[in-house]
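Working notes, beginning with the structure itself.
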Amino acid sequence: MTEVLMENVFHARDFLVAELQKYNPIALIATSVIVTYVCTNLRHMQLDDIGIRKRLSSWFFTTVKKVPFIRKMIDKQLDEVKGELEKSLKIEDHTAEYFKTIPTRSVGRKEVLRLAAIYDSLEGPAYLDGRVSGAVFNTEDDNDEREMYEQVFGKFAWSNPLWPKLFPGVRIMEAEVVRMCCNMMNGDSNTCGTMSTGGSISILLACLAHRNRLLKRGQKYTEMIVPSSVHAAFFKAAETFKIKVRKIPVDPVTFKVDIVKMRSAINSRTCMLVGSAPNFPFGTVDDIEAIGQLGLEYDIPVHVDACLGGFLLPFLEEDAIRYDFRVPGVSSISADSHKYGLAPKGSSVVLYRNKELLHNQYFCDADWQGGIYASATMEGSRAGHNIALCWAAMLYHAQDGYKANAKKIVDTTRKIRDGLSKIKGIKLQGPSDVCIVSWTTDSGVELYRFHNYMKERHWQLNGLQFPSGVHIMVTMNHTQPGLAESFIADCQAAADFVRQNPVTESDKKSEAAIYGLAQSIPDRSLVHEFAHSYLDAVYALPK
């Protein structure tokens, strides 16, 4: 049997050699090199953070846009969109002079305060009137609280936790904030973490830590598995740290991540699994317990993005939602103290189950000529006053205050949800039972016109895509008596108006219409150009 097998092998070898002798040796070598090069690059493209499909799509659209008449047509449309986006920022004169160079001499304290008052008066929609989704979470009507923050800021304005021996007070404050948050998330004595300047940075830090953990184990390419509803900061982290994202769709009824599909996406390159508590688009809490079980089964860290719910869920009387360190498998949690923690912007925390996980976040350069350099977060110097203000807010509001606020937020959210559910043409997305009410509209009520109508009524809502929708993130400003009822009434009026009135040219050119159009553009790089134009306008001074 073995002799027959070997004879067949030799016969195949002789046949292959005879066939190859018919070709030019140089051509054979060149072909082998080219094929190897192409296959190797395709393999790298498959594994890297961008992927083959996205690279090919980008190449195709980049090539098409180089055709002169197509480029001219695109530029014309872009100019129109840019104009509308800039108009939406309402860049207009408010003073006779703009500062484009540092003044030669000091303008003086009185003049600085006069100019500051002018800029303060330019604030947009009245968020304190409860007409803005999210953005500002405190009512700012407590004078004692405001004065407390002003005094705390004054004491710690120049402090820098990069120098813990020089500023021991801020160091202790940060340690206390982290420990209070660890206990709030039902951690134990091993639970630890750091503060950051906001939810996006907390998320980036967690992604960095879990990526580094897998790199240390010898894996060259890393991937994270996230719900499609996860916050955009995870994609920012993926781009920054070269992590490939595997995006798992949410169930169209529950709007929670599909656990079966999440399991099927796991492989040896998976550095973390992610769940939200709740997510930003729909306000839905993913099944963290099921994700935690996947993490335990495959030895993969599970990160819970509780940037929204971190200071709400722990204080709800109904304790059915499991999302924190009580869930086996949960490795890290991000939570924003400057949202429902009611601290001034910007502060957040990122927490880990143990120091082994946290140490993957740390940075140390042992060979720097300036000395051994180590930092716990991405930043070196940090604003100590952010830490002090967060510390003050947590002590001031305390558990009693957070419990009372959480009840108001949830009650208001459910009141708005129940009211919208009765409006013809509105379809809720998800249970809307924590702090966000998310909905779309049917074919009889064009969504972008509904959104535009609400804007004209001075309600600033968040536009959603894939699927199209809008939501309102409830803050303490929305809990004012009668405000939820007023919002529901305006939503009813908006649905009725859109259903009964034909579309106009101004409707088609509105900011909401542009946002809706962006979802249908197959070349997403064009949407990037829209966004870049908007960001450019943010930094523009009036002409």
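Structure data summary
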{"quantity": "Qualifying residue in region 446-458 (condition: surrounded by fewer than 15 Cβ atoms within 10 Å (Cβ to Cβ) and in a helix (DSSP H, G or I))", "calculated": "yes"}
{"quantity": "Any hit, region 159-175, residues being acidic (Asp, Glu), in contact with a helix residue (DSSP H, G or I) (Cβ under 6 Å, 6 or more places away or on another chain) and in contact (Cβ under 8 Å) with a residue 24 or more places away in the chain", "calculated": "yes"}
{"quantity": "Hey, Ser337 under 17 Å from Ser200 (Cα atoms), modelled with pLDDT of 95 or more and assigned to a loop (DSSP other than H, G, I, E, B) or not", "calculated": "yes"}
{"quantity": "Single unsatisfied condition, Ser121 versus (1) at pLDDT 95 or above; (2) within 30 Å of Pro481 (Cα to Cα)", "calculated": "(1)"}
{"quantity": "Residue within region 313-328 that is farther than 30 Å from Thr475 by Cβ, of a type in the set (Phe, Trp, Tyr) and open to solvent by 10 Å² or more (accessible area, probe 1.4 Å) present", "calculated": "no"}
{"quantity": "Residues being within 27 Å of the chain's Cα centre (by Cα) and assigned to a loop (DSSP other than H, G, I, E, B) - total across region 355-386", "calculated": "12"}
{"quantity": "Test: residue in region 469-486 that is open to solvent by 60 Å² or more (accessible area, probe 1.4 Å), of a type outside the set (Ser, Thr, Tyr), modelled with pLDDT under 90 and out of contact with any Asp or Glu (no Cβ under 7 Å at 6 or more places or on another chain)", "calculated": "no"}
{"quantity": "Enumeration of residues in region 209-247 that are over 15 Å from the mean Cα position of the chain (by Cα), assigned to a helix (DSSP H, G or I) and either closer than 15 Å to Ile300 by Cα or among the charged types (D, E, K, R) (or both)", "calculated": "Ala209, His210, Arg211, Asn212, Arg213, Leu214, Leu215, Lys216"}
{"quantity": "Flag if Phe255 is open to solvent by 10 Å² or more (accessible area, probe 1.4 Å), touching a residue at least 12 places away in the same chain (Cβ under 8 Å), within 13 Å of the chain's Cα centre (by Cα) and more than 29 Å from Phe363 (Cα to Cα)", "calculated": "no"}
{"quantity": "Leading residue by the ranking (nearest to the chain's Cα centre (by Cα)) among those in region 410-445 that are in a helix (DSSP H, G or I) and of a type in the set (Asp, Glu)", "calculated": "Asp411"}
{"quantity": "All positions within region 205-229 that are at negative phi, among the small types (Gly, Ala, Ser) and surrounded by fewer than 23 Cβ atoms within 10 Å (Cβ to Cβ)", "calculated": "Ser228"}
{"quantity": "Out of Val152, Val132, Val136, Val170, sole residue that is open to solvent by less than 40 Å² (accessible area, probe 1.4 Å) and within 30 Å of His210 (Cβ to Cβ)", "calculated": "Val170"}
{"quantity": "Residues that are charged (D, E, K, R) and either open to solvent by less than 10 Å² (accessible area, probe 1.4 Å) or in contact with a Leu (Cβ under 9 Å, 6 or more places away or on another chain) (or both), drawn from region 269-291", "calculated": "Arg269, Asp286"}
{"quantity": "Val350 being under 20 Å from Thr197 (Cα atoms) and outside any loop (DSSP other than H, G, I, E, B)", "calculated": "yes"}
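Conditions (1) among the charged types (D, E, K, R); (2) open to solvent by less than 60 Å² (accessible area, probe 1.4 Å), marked per residue:
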site	(1), (2)
Ser347	no, yes
Val350	no, yes
Leu358	no, yes
Asp365	yes, yes
Ile372	no, no
Met378	no, no
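The values are calculated or read from the model by the stated rules, or taken from the named source; none is laboratory data. What you are looking at is a predicted structure, and each value in this text was computed from that prediction instead of being measured. Here Cβ is always computed from backbone atoms with ideal geometry, including for glycine, and neighbour counts include all displayed protein chains. The area values use the complete protein model at the heavy-atom level, side chains included, leaving out ligands, DNA and RNA. Shrake-Rupley method; radii C 1.70, N 1.55, O 1.52, S 1.80 Å.
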